[in-house]
Amino acid sequence: MKNSKTYKFWQKRYLNIDHNSIVEKSRHYINDPRILYDFNFLKLYISPNMKILDQGGGACIMANMLAPICKSVTVIDYQDIDYSKYIKHSNISYIQKDICDFVDNSVFDLIICLGVIIYIEQDIDLHNFFFNCKQMMGKNSKLIIRNQFGINKKVTVNKYSEELKDNYFAVYRTVEEIVELVELPVEIHDIYPKSCNLYQDTAYRCLIFT
Ligand SMILES: C[S@@+](CC[C@H](N)C(=O)[O-])C[C@H]1O[C@@H](n2cnc3c(N)ncnc32)[C@H](O)[C@@H]1O
């Protein structure tokens, strides 16, 4: 995976961008309502004794929001950077690893994966990711996937983005494809206002697997 287009894309962004200043200033976070919709939605499923796994947790923005309301947050991300500078709570731990390969003996009450599976190009890797998540779920655990999904069909974007000034690659699979792959009971939620859905062929959805 470290040779994948998406790894290189994210590595470049982490090396070139000061995420602490992003957290403070950027429209992507502070003025972006999505993070608050995510947080308010996730809160409904969190209690103080819960162990949470944040798959592809990046600069720990969500982990820092969740840490005060749960027992612990374990963040997994494959970027080769010093994540300790982003962690603001002692109950957050960070493991640098590809989420498709990550599995351990712990059972997590809640596994979240926000805006990440679109960067997993190969179906076999996505299959491994869900297989591993299921190994880390107990009887009452939940797996929450929040993403843009292709409407009616899978949408692949592989082109230069003027906005990002870089090549951008992402695969927006359909909700149906993901539900079929995970093979767990699912609830599908539409948690964002319509204004957050900027494209005609994709839409944000939040899937809760139990
Ligand atoms: C759009 S950011 C989302 C960050 C965070 N989940 C959030 O909502 O703020 C995508 C993150 O996924 C990470 N990522 C993408 N593919 C990954 C993989 N296969 N294994 C681990 N991390 C991955 C990237 O490094 C990046 O930090």
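Values in this text are rule-based calculations from the coordinates and carry no lab data. Note that the coordinates shown come from a computational prediction; the quantities given were computed from them, not determined experimentally. Here the Cβ is made from the backbone with ideal geometry for all residues, glycine too, and neighbour counts use every protein chain on show.
Structure summary
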{"quantity": "Low-density loop positions, chymotrypsin sites (Phe, Trp or Tyr not before Pro), the stretch 119-210 - DSSP coil, at most 13 other Cβ in 10 Å", "calculated": "Tyr199"}
{"quantity": "Prolate/oblate/rounded call for the stretch 98-139, Cα gyration tensor, a/c under 1.5 rounded", "calculated": "prolate"}
{"quantity": "Where GluC sites (Glu not before Pro) fall in DSSP loop in the stretch 106-196, at most 13 other Cβ within 10 Å", "calculated": "Glu162, Glu163, Glu183"}
{"quantity": "Space enclosed by the convex hull of the alpha-carbon atoms of the stretch 45-145, per residue, Å³", "calculated": "92 Å³"}
{"quantity": "Cα pair count fraction exceeding 32 Å, expressed as % - the chain", "calculated": "10 percent"}
